[in-house]
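The values are calculated or read from the model by the stated rules, or taken from the named source; none is laboratory data. This structure is a prediction, so every number in the text was calculated from the model and none was measured. So basically every Cβ, Gly included, is an ideal-geometry build from the backbone, and we count neighbours across all protein chains shown. What goes into the accessible areas is simple: the full protein's heavy atoms, side chains included, and nothing from ligands, DNA or RNA. Shrake-Rupley method; radii C 1.70, N 1.55, O 1.52, S 1.80 Å.
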Amino acid sequence: MEAVFFRRIMGYKFYFGASGVGKTHRAFSDIIDEAIADREKRYFIIVPEQFNMQTQKDIVQMHPNHASNNIDVLSFNRLAYRVFEELDIENPKLLDELDKALILRRIANKVELKAWKKQFQKAGFIDNIKSLISEFMQYDISDELIKEQQQNSSVNSLLKIKLDDIYKLKTRFEEYIAGKYFTNEQVLDILNENIVSSELLKGATILFDSFTGFTPVQNRIISNLMKVANEVRFSITLGKGINPD
């Protein structure tokens, strides 16, 4: 049976182990025990959006009182809205996926595309562009970086033309929504700017579970949470047979 390893590194706690060995269960048990012992302290479990509901159920089932009490299970975005509510920040007018697609289709009809001149009428093309722009925002792919790649002599000519098309679509999209709407990625930037002002997060214990990695904006949020939280914990999956030592 594989083991769960525990390490404290620079004041942060890590739960290491292979998939299925009980890292999450041990991490949740620790949170529940501590939350019962100190009912005035806040405990946050941050998980990917798709695990939010199941994690809430797991905490309630594991808790002796079958309640979450001073434990909050949140995704990054749900954490953002909790902080917005606390600080009385007006909720951003968030674009849903259909709105994004409609805006991009409108823009694609107006700009002069080269590589994708006929493609945007095909089924699924706008969704692919929408996803690409979202990934660029998540991973800090700036307009300047796109332009740099266009000028890179090692980049083939077809890719340069495609980069020019995506540059046009991305910049026009950002211009269209500026000051009116926000994307999920931009909501996290607003959260990041306000973490240090949140009393809700100060002195809290925060556990990150079920993530396979973090985007640059998520890493910036974690960095700021480390400045205000009492302790930040991570559950990390290792390959079978790997010892973190």
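Just one of VAL4, VAL60 is of a type in the set (Val, Ile, Thr) and modelled with pLDDT of 95 or more; which is it? Show your work before the answer.
Details: VAL4 fails: modelled with pLDDT of 95 or more.
VAL60 is the lone residue from the list that is of a type in the set (Val, Ile, Thr) and modelled with pLDDT of 95 or more.
Pairs meeting the criteria (first residue in the range 16-40 and touching a residue at least 24 places away in the same chain (Cβ under 8 Å), second residue among the acidic types (Asp, Glu) and open to solvent by less than 10 Å² (accessible area, probe 1.4 Å), beta carbons under 9 Å, at least 6 apart or on different chains) are LYS23/ASP209; THR24/ASP209; ALA27/ASP209; PHE28/ASP209. Is it the case that the range 208-228 has a residue that's without any contact (Cβ under 8 Å) to a residue 12 or more places away in the chain and hydrophobic (A, V, I, L, M, F, W, C)? Yes; the residues of the range 208-228 include at least one that is without any contact (Cβ under 8 Å) to a residue 12 or more places away in the chain and hydrophobic (A, V, I, L, M, F, W, C).
In the range 20-121, counting only helices (runs of 4 or more DSSP H) that sit wholly within it, the ones holding 1 or more residues that are touching a helix residue (DSSP H, G or I) at 6+ places or on another chain (Cβ under 9 Å) and open to solvent by 80 Å² or more (accessible area, probe 1.4 Å) span 23-37, 76-86, 97-108.
None of PHE234, PHE214 is of a type outside the set (Asp, Glu) and assigned to a strand (DSSP E or B) except PHE234.
Within the range 171-204, the residues that satisfy the criterion of being open to solvent by less than 10 Å² (accessible area, probe 1.4 Å) and farther than 15 Å from ILE221 by Cα are PHE173, ILE177, THR183.
Hey, any hits in the range 134-155 for a residue that's among the basic types (Lys, Arg) and open to solvent by 30 Å² or more (accessible area, probe 1.4 Å)? Don't jump to the end; show me each part of the working.
So in the range 134-155, the residues among the basic types (Lys, Arg) come out as 147.
From what's left, open to solvent by 30 Å² or more (accessible area, probe 1.4 Å): 147.
Yes, because at least one residue in the range 134-155 is among the basic types (Lys, Arg) and open to solvent by 30 Å² or more (accessible area, probe 1.4 Å).
Yes or no, residue by residue, for (1) within 26 Å of PHE28 (Cα to Cα); (2) modelled with pLDDT under 90:
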position: ASN65; (1), (2): yes, no
position: ARG82; (1), (2): yes, no
position: ILE89; (1), (2): no, no
position: LEU102; (1), (2): no, no
position: ARG106; (1), (2): no, no
position: VAL111; (1), (2): no, no
position: GLY124; (1), (2): no, yes
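When you scan the range 157-178, do you find a residue that is within 16 Å of the chain's Cα centre (by Cα) and touching a residue at least 12 places away in the same chain (Cβ under 8 Å), even just one? The answer is no; no qualifying residue exists.
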